[in-house]
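To start, the structure itself, in structure tokens.
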Amino acid sequence: MHTSQPVQDAIPALEAANVFFFYLPSYSPELSEIEPIWKAVKYHEMPVRSHSQVKDLKSAVDEALTKKAKALLVVQQETTKELRTAA
């Protein structure tokens, strides 16, 4: 959320148009859908997280994210199949 003066000055007019701001804590991982995915990648898909070369770290991150993306796709497909069967 922007807290700049122009935004603050615009708030009354925005609220008059039924536009409201909801302020979130500056760091609120529980409100972010990506945080559980990053946590799983960091702690389960990347057992080695310390690398002496940036290229090695990049490769490890790319591999972990690819693995997680494939796993998420499988779960999505299974869920879609189950929802179709249940309908």
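Overview of results
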{"quantity": "Förster radius 35 Å - calculated FRET efficiency between Gln77 and Asp56 (Cβ-Cβ, nearest 0.05)", "calculated": "0.65"}
{"quantity": "Two-site label geometry, Tyr27 and Val41: point separation in nm, points 7 Å out along Cα→Cβ", "calculated": "1.9 nm"}
{"quantity": "Surface per residue (accessible, 1.4 Å probe) for the chain, Å²", "calculated": "88 Å²"}
{"quantity": "Loop-located trypsin sites (Lys or Arg not before Pro) in the stretch 1-55, at most 13 other Cβ atoms within 10 Å (DSSP)", "calculated": "Arg49"}
{"quantity": "The chain, accessible surface, carbon-and-sulfur percent (1.4 angstrom probe)", "calculated": "59 percent"}
{"quantity": "Between helix 54-86 and the chain: long-axis angle, C-alpha atoms, 0 to 90°, nearest 10", "calculated": "80 degrees"}
{"quantity": "Centroid-to-centroid separation of the stretch 56-80 and the stretch 3-39 [C-alpha atoms, Å]", "calculated": "30 Å"}
{"quantity": "Heavy atoms of Val54 accessible to a 1.4 Å probe, total area in Å² rounded to 10", "calculated": "120 Å²"}
{"quantity": "At R0 = 41 Å, FRET efficiency that the Cβ-Cβ distance of Thr66 and Ala10 yields, to 0.05", "calculated": "0.45"}
{"quantity": "Highest-MSF residue in the chain out of Leu24, Leu14, Leu72 [GNM, Cα springs under 10 Å]", "calculated": "Leu14"}
{"quantity": "Acute angle (nearest 10 degrees) that the helix 5-16 long axis makes with the longest principal axis of the chain, alpha-carbon atoms", "calculated": "70 degrees"}
{"quantity": "Lysine pair number, Cα distance threshold 18 Å (strictly under), the chain, separation 8 or more or different chains", "calculated": "12"}
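The values are calculated or read from the model by the stated rules, or taken from the named source; none is laboratory data. Quantities reported herein were computed from a predicted structural model and do not represent experimental measurements. Because the Cβ atoms are built from the backbone with ideal geometry, glycine has one as well, and the counts that use them run over all protein chains shown. Accessible surface is based on the protein model in full, side chains and every heavy atom, while ligands, DNA and RNA are left aside. Shrake-Rupley method; radii C 1.70, N 1.55, O 1.52, S 1.80 Å.
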